[in-house]
Each structure stands twice: as structure tokens, then as C-alpha cells.
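Below is one structure, written out as C-alpha cells; the observations come after it.
The values are calculated or read from the model by the stated rules, or taken from the named source; none is laboratory data. Remember, it's a predicted structure, so these values are computed and weren't measured experimentally. Backbone-built Cβ (ideal geometry, glycine too); neighbour counts: all protein chains shown. These area figures cover heavy atoms from the full protein model, side chains too; ligands, DNA and RNA do not enter into them. Shrake-Rupley method; radii C 1.70, N 1.55, O 1.52, S 1.80 Å.
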Amino acid sequence: MNVTDNIAYVGVNDHDIDLFEGQYDVRANGMSYNSYVIFGDEKIAVTDTVDTHFTDEWLANLDSALAGRTPDYLVVHHMEPDHSASIAAFMERYPEATVVASAPAFKMMVAYFGTDYPERKLMVKEGATLELGGRSLTFVGAPNVHWPEVLFSYVPEDKVLFSADGFGKFGALDSEDPEGWACEARRYYFGIVGKFGKNVQAVLKKAAKLDIAHICPLHGPLLSENLGYYLDLYNTWSSYEPEDKGVTIAYSSVYGNTRQAALELADALKARGQEVSVFDLARDDMSEAVEDAFRYDRLVLASITYAGSIFPHMSTFLHTLAEHAYQNRRVALVEAGSWAPMAAKVMRSQLEAMKDIDICENVVTVKGAVNDETRAQIEALAEELAR
Ligand code: FEO
């Protein structure tokens, strides 16, 4: 697979991984670690490496693309080990090559490899250009997208943007993707980059000044058509604006009564023409619940009262939302408790610490089982949420 006549793909697909970054379930479709070779008239640059389990496969891909030539540079856009783990193997195999990276990336190289290759290093920062003869890479600072050392780079001659984790997506490149790019790209974005909306906004402003025909991320497919679609989604996501109108209902239930209230609320909302997605926080993939909490403009949190507080899965969900800078949404509360319901109070106090959260006036309280009184509260809340 080539990006252009002068830029070749040499990345790998990982179908062995279960949890990407130790927490995101990718067993269904795996993951790709993308790496590219840029052939200038005089010099050859390789961009990034791959996860440690795939070093040999990557070096073989590289050998094949190089067809007997030798790379001059290894450009390191990002030092997280899914991309940097094979740096030492590359430097050993190509002893004449220079490694090109930002100052903080070289500090991380010392931490990971015990050296920053002092005799073979070229430190670059925003605005620097690496000439390859006939083509060049201009570096664009992208701190915290997703680590502080990250650089993007741009090849003006081919209109190619290397975007590090930006525009990345779960799923190996040889997997079927019936849901389309946005579904797993959104889960990836809010899980991994979502906290850094301001940084993404800053780099999008820089990208807007570039004439881009191809975006080459470190995960997921090369993007070459309809780029406005991807850029618009990134603008929406990184500005914390809801992407769609709809209600995410996330519940924690033990004996099924809170679950029943959540499902009856879902039915009441659907009856009012609302788009609804429902998650059991103990059994469903929580990263999908986080994704939909950001995707839609309204969220319902439904939890039992547990040890005078909220159920552990709801606690983790709220913590994850806060950690990812959840904001600018309308949120409703459903609580359950057999003798002293406390969950709504606890969830409210956590929501009040987040930015621009509008908490609905109506609260549903399940005292034991769902009864007529609860159903009246569910109807009132559905009415308020649908307004
Ligand atoms: Fe794909 Fe932040 O590493």
C-alpha cells in the first residue's frame, strides 16, 4: 500500500492484542501500528516504528520497501511504546541512520533505551524542515496529542500530513469495518485523546493553514478522500460540542430494579421520538458508554445507593468522564435505595465539579421496586429530557 508514488506504508496489524493501552477492548478487530517510508531524491526517511511484538515483521516490511537502499532518518513523531518500541532495533540495523525527534522525545528515549543516540540525533521543533531532496518534512508541534513530546509533520510536495495519534482509530487495516470510520475513531478519540481538546483545537488551527490531500495517522486507515468530514468531526469532538441529539443512559443495578427504571425511561424517551443508547456499566464496554456520553447531548446516570455512596462501576464511569473533561451536556439522575437513597446526591456533587453541566430538575428515586410513584417520576423526567 502506497500513500503516494514516493511514500510507502510499512506498518503492521496486531490481531493478538486484547486490551489496547491496557484498557480498550480491541479483540474484535485488532489494531494497526502505522509506519511509512518517504523516498526523497537524495535521502530516505522512515516515520515511527511499531509495538515490540512486531519488530521483525516491521523490519521485513521495511526491507521490502527499501529494496536494497538504506534509510537516512528515523523520524519519531510519538514516543509511546506502541510506536517507539522498535527504535533500538532500527538504530542497530541501520548504523548510519540519524534519529529525528523533539527535545522531550529524546529525554524519553533515555528513559526507555538508556540513550538518546548523542552521535546520531537531530533535534527538531515546530517549523523545522528536514530536506530529503525533492521533498521535505516540516514539523508541526502537537503537544499532548497525545503525549507532550508529539510532533506532526507535513510533506508539502505530496500534501501529506503525518498526524501521530490524531485521526487514529481502533481496528487492524485488514479488518472489516461495517460501522464506518467514525464509530471506532470516536471511541479511540474520547478514550485516548479526549482529555486534550484544547491541544487538538490548537493543532487543527495549524492544519487549517496547510493544503492537505492525505492524512497518515499512527493507527487506522490512511485518509485521502473527503477530508473535511474527518476534520469537522475532530473539530466537534475537541470543542466538546455534542455530535448528535440523543440520550445515553448508563446504569448500575444489582437486583434489576434500577435496570428496570432505566429501561422504562428509555422506552418513555423513545416514545417521544428520542434517540437512546443504554449501557449496563457492569457488563457493557465502558469505553463505549464514555464514547456515547460524549457523542450525545444528554446523559442519564442511574445508580443504586451502595455503602452510603454510589455503586463502584458508576463511580468509575463518573471518574472517567471527569478525567476526560466531560462538559457542556444536560444530565439527569436516577437513584435507588432501600432505606436511605443517597446516589443522586453523590452523583450531583461530582457533576457540579465538571464544566457547564446542566442537571435536570426531575430526579427518579426507586425505593425498592419500580411502582406507580416511580413511573410518574420517569414520565416527568422523560418529558423534561425530550423538551
Ligand atoms: Fe498510539 Fe499515544 O500512542
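Dipole magnitude for the range 58-131: computed about the Cα centre from +1 point charges on Lys and Arg Cβ and -1 point charges on Asp and Glu Cβ, it is near 80 debye.
Straightening the chain between Ala28 and Asp358 buys 115.2 nm, computed as 0.36 nm per residue apart minus the Cα-Cα spacing.
Between Val276 and Val247, the built amide H atoms are under 5 Å apart, and every one of these is 5 or more places off in sequence or on another chain. Remark on Val124: its backbone amide H falls under 5 Å from those of Ala101, Ser102, Ala103, a criterion applied only to residues 5 or more positions apart or on other chains, H modelled at 1.01 Å from N.
Over the range 163-302, Cα pairs under 8 Å with separation of 6+ residues give a relative contact order of 27 percent. Kirkwood analysis of the Cα pair distances in the range 1-157 returns a hydrodynamic radius of 15.9 Å. Extension gain for Asp211-Leu122 works out to 29.4 nm (0.36 nm per residue, less the C-alpha to C-alpha distance). All Cα-Cα distances of the chain, cut into 20 Å bins from zero to the largest, leave 27, 47, 22, 4 percent in each bin in turn. Coupling constants for the range 82-89 follow from the phi torsions by the Karplus curve (6.51 cos²θ - 1.76 cosθ + 1.60, θ = phi - 60°), and in residue order they are 5, 10, 9, 4, 9, 4, 4, 5 Hz; glycine and proline get x. In the chain, the calculated helix contribution to ellipticity at 222 nm averages -10000 deg cm²/dmol per residue, counting -39,500 (n - 2.57) for every DSSP H run with n ≥ 4. Just checking the listed ones, Tyr188, Tyr94, Tyr240: in the Gaussian network model of the chain with Cα springs under 10 Å, the one fluctuating most is Tyr94. Sparse packing (at most 15 other Cβ atoms within 10 Å of the Cβ) combined with a DSSP loop state is found for the following trypsin sites (Lys or Arg not before Pro) in the range 170-245: Lys209.
Among Val276, Val193, the sequence by solvent-accessible area, most first, with a 1.4 Å probe is Val276, Val193. Computed over the chain with a Gaussian network model linking Cα atoms closer than 10 Å, the most mobile of Ser163, Ser287, Ser64 is Ser64. Of the chymotrypsin sites (Phe, Trp or Tyr not before Pro) found in the range 286-368, the ones in coil according to DSSP and having at most 14 other Cβ atoms within 10 Å of their Cβ are Trp339. Amide H contacts under 5 Å for Glu157: Ser136, restricted to partners 5 or more places along the chain or on a different chain, H placed in the peptide plane at 1.01 Å from N. Of the beta bridges in the range 303-387, as assigned by DSSP with both residues counted there, near 15 percent are antiparallel. Once the Cα atoms are used to define both axes, helix 312-323 deviates from the longest principal axis of the chain by about 50 degrees.
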